[in-house]
1. Going through the range 39-96 one residue at a time, which ones are more than 22 Å from Q9 (Cβ to Cβ) and not in a helix (DSSP H, G or I)?
2. Could you run through the range 11-34 and say how many residues are surrounded by fewer than 12 Cβ atoms within 10 Å (Cβ to Cβ) and at pLDDT below 75?
3. Taking the condition in contact (Cβ under 8 Å) with a residue 40 or more places away in the chain, surrounded by 10 or more Cβ atoms within 10 Å (Cβ to Cβ), of a type in the set (S, T, N, Q) and in a helix (DSSP H, G or I), does Q8 pass?
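The values are calculated or read from the model by the stated rules, or taken from the named source; none is laboratory data. Just so it is clear, the model here is predicted, and its values are computed rather than measured. Cβ sites come from the backbone with ideal geometry, for glycine too, and all protein chains shown count toward neighbours.
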Amino acid sequence: MSSYGRIQQIIGNAIESRRAAKKGGACSPEQEDLLGMLLRLQEEDSLAFPLTSEIIGTVMFVSIIYLFSNLRYYWLLSFRKLLIYKRAAIAQLEQK
């Protein structure tokens, strides 16, 4: 199975798990996240287009990619700052 197929399987399992939890009353509207909101909109059927499970999966996939892209960006910024501090510390030691 490809990486994309595995990710789609994980997202599909998360969607089905959330649906089951929602039916069982385990999810409260006050704690609604992106997936909860999408499932609620799908259930309400109030959009101008049908919100299918494939669309929900795609939105979740793009959200995950976006999250990891931002995390990588912030990690790189932090790493750059660490290198700057390291260079400054080495420069101070060399001056002594």
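1. Let us first name the residues in the range 39-96 that are more than 22 Å from Q9 (Cβ to Cβ), namely 40-41, 43-50, 70-96.
Across the range 39-96, the qualifying residues are D45, S46, L47, A48, F49, P50, K96.
2. 6
3. Working: in contact (Cβ under 8 Å) with a residue 40 or more places away in the chain: yes; surrounded by 10 or more Cβ atoms within 10 Å (Cβ to Cβ): yes; of a type in the set (S, T, N, Q): yes; in a helix (DSSP H, G or I): yes.
Here the answer is yes, as Q8 does meet what is asked.
Yes/no per residue for (1) of a type in the set (K, R); (2) touching a helix residue (DSSP H, G or I) at 6+ places or on another chain (Cβ under 8 Å); (3) exposed (fewer than 11 other Cβ atoms within 10 Å of the Cβ):
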site	(1), (2), (3)
Y4	no, no, yes
G36	no, yes, no
L47	no, yes, yes
F61	no, yes, no
I64	no, yes, no
